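**Student:** I'd like to ask some things about the structure below.
The values are calculated or read from the model by the stated rules, or taken from the named source; none is laboratory data. Bear in mind that the values here come from a model prediction, so they are computed numbers and not experimental data. Cβ placement follows ideal geometry from the backbone for every residue including glycine, while neighbour counts extend to all protein chains displayed.
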Amino acid sequence: MEVHLIDGTYELFRHFYAWPSMRDANGNEIGAVKGVLASILAMVKEGATHIGVATDHVIESFRNDLWPGYKTGAGIDPDLWSQFPLLEEALQAMGIVTWAMENEEADDALASAAHIAAQDARVTRVLICTPDKDLSQCVQGTRVVQMDRRKREIRDEAGVIAKFGVPPASIPDYLALVGDTADGYPGLRGWGAKGTAAVLAKFSHLEAIPQEAADWQLAIANPRGMNETLRTNWDNAILFRTLARLKTDLPLFTNVDQLHWTGPTAAFEAIGTRLDKAKVTKSPKQR
């Protein structure tokens, strides 16, 4: 069997900006929720049987306590933000296992779910459905892969190396050094993508990088400057890696059979009727 793990937060954002605005009888924006449900139903029609969806019920997480600049819910369109509870309610009514995250993030749930599912010998492939580079650290060979549903692309371990220049296990170290503007931490000055990939392709993790740049033996432009920056900002590098490293030990489920979709619950009829009666009010939003 294949297991599909879906980034509900990403999907809600994607459909909010791709679908036209739609409002229910009470004037509430629901277009993005309708889009996400239609997308998941399409997956089922294409053969998906075991599905789990993770959402950021609360955008802030334990990482905000570690780094003051970490991403928050500031600036999210109110019409988008208001749809998170409805999406979670609709998915559950639809019979889809849903993890609405509060202290941790949706990415942590996806990483943990992938770890659990990969332990089951019956699972032939785990597809983590998100283009988010953070999740590249969870890829394992061709067994646990990332799927960009919008581009219809699948990235296995060879694909991660081709894209970032480092294997999945080094992704947290890579992000610690180059930074992640989407998540709100800057990385280290002078550590660009190419140089970082060259260093980590040889040494894999921060702790393995030699203290002296002369020992690096790498063809990069400014090894001494990079080394100095790393040593001066070592604590931040370790902190940023902590921010980038996803949890894989959340007890979300005990058996992949719990992810088997068997159809909607009785509660879905009312939600389905509400979504069906929604009226288009304007074209897709601009970012």
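**Student:** So if I check each of LEU177, LEU188, which one is outside any loop (DSSP other than H, G, I, E, B) and either in contact with a helix residue (DSSP H, G or I) (Cβ under 6 Å, 6 or more places away or on another chain) or modelled with pLDDT of 95 or more (or both)? It would help to see each step written out before you state the result.
**Tutor:** Values: LEU188 fails: outside any loop (DSSP other than H, G, I, E, B).
On inspection, the qualifying residue turns out to be LEU177.
**Student:** Still on this structure: Among the residues in region 83-99, are any surrounded by 20 or more Cβ atoms within 10 Å (Cβ to Cβ), at pLDDT 95 or above and within 14 Å of the chain's Cα centre (by Cα)?
**Tutor:** Among the residues of region 83-99, at least one is surrounded by 20 or more Cβ atoms within 10 Å (Cβ to Cβ), at pLDDT 95 or above and within 14 Å of the chain's Cα centre (by Cα), which makes the answer yes.
**Student:** Given the criteria in contact with a strand residue (DSSP E or B) (Cβ under 7 Å, 6 or more places away or on another chain), exposed (fewer than 14 other Cβ atoms within 10 Å of the Cβ) and assigned by TED's automatic domain parsing to the domain that holds GLU88, does GLY69 qualify?
**Tutor:** For GLY69, the condition - in contact with a strand residue (DSSP E or B) (Cβ under 7 Å, 6 or more places away or on another chain), exposed (fewer than 14 other Cβ atoms within 10 Å of the Cβ) and assigned by TED's automatic domain parsing to the domain that holds GLU88 - is met.
**Student:** Can you tell me which residue in region 115-140 is surrounded by the most Cβ atoms within 10 Å (Cβ to Cβ), limited to those that are under 12 Å from the mean Cα position of the chain (by Cα) and part of a helix (DSSP H, G or I)?
**Tutor:** So, considering only residues that are under 12 Å from the mean Cα position of the chain (by Cα) and part of a helix (DSSP H, G or I), the one surrounded by the most Cβ atoms within 10 Å (Cβ to Cβ) is SER136.
**Student:** Right, another one. Looking only at region 208-244, count how many residues are over 18 Å from ALA197 (Cβ atoms) and either crowded, with 16+ Cβ neighbours inside 10 Å or among the aliphatic types (A, V, I, L, M) (or both).
**Tutor:** First, pick out the residues of region 208-244 that are over 18 Å from ALA197 (Cβ atoms): 211-212, 214-215, 224, 228, 231-236, 238-239, 242-243.
The next check asks that each one be either crowded, with 16+ Cβ neighbours inside 10 Å or among the aliphatic types (A, V, I, L, M) (or both); those that pass are 214, 233, 236, 238-239, 243.
Qualifying residue count for the region: 6.
**Student:** Within region 51-80, take every residue that is outside any loop (DSSP other than H, G, I, E, B) and without any contact (Cβ under 8 Å) to a residue 12 or more places away in the chain and give me the one that is nearest to the chain's Cα centre (by Cα).
**Tutor:** Residues of region 51-80 outside any loop (DSSP other than H, G, I, E, B): 51-56, 63-66, 78-80.
Subset that is without any contact (Cβ under 8 Å) to a residue 12 or more places away in the chain: 64-65, 78.
Numbers: ASN64: 17, ASP65: 20, PRO78: 22 Å.
The selected residue is ASN64.
**Student:** Given the criteria under 20 Å from the mean Cα position of the chain (by Cα) and either under 21 Å from THR265 (Cα atoms) or in a loop (DSSP other than H, G, I, E, B) (or both), does ALA48 qualify? Working first, answer last.
**Tutor:** Numbers: under 20 Å from the mean Cα position of the chain (by Cα): yes; either under 21 Å from THR265 (Cα atoms) or in a loop (DSSP other than H, G, I, E, B) (or both): yes.
So ALA48 fits the description; yes.
**Student:** Does any residue in region 235-256 that is farther than 19 Å from ALA113 by Cα and free of Cβ contacts under 8 Å to residues at least 24 places away in the same chain come within less than 8 Å, Cβ to Cβ, of a residue that is of a type in the set (Val, Ile, Thr) and assigned to a helix (DSSP H, G or I) six or more places away or on a different chain, and which pairs are these?
**Tutor:** none
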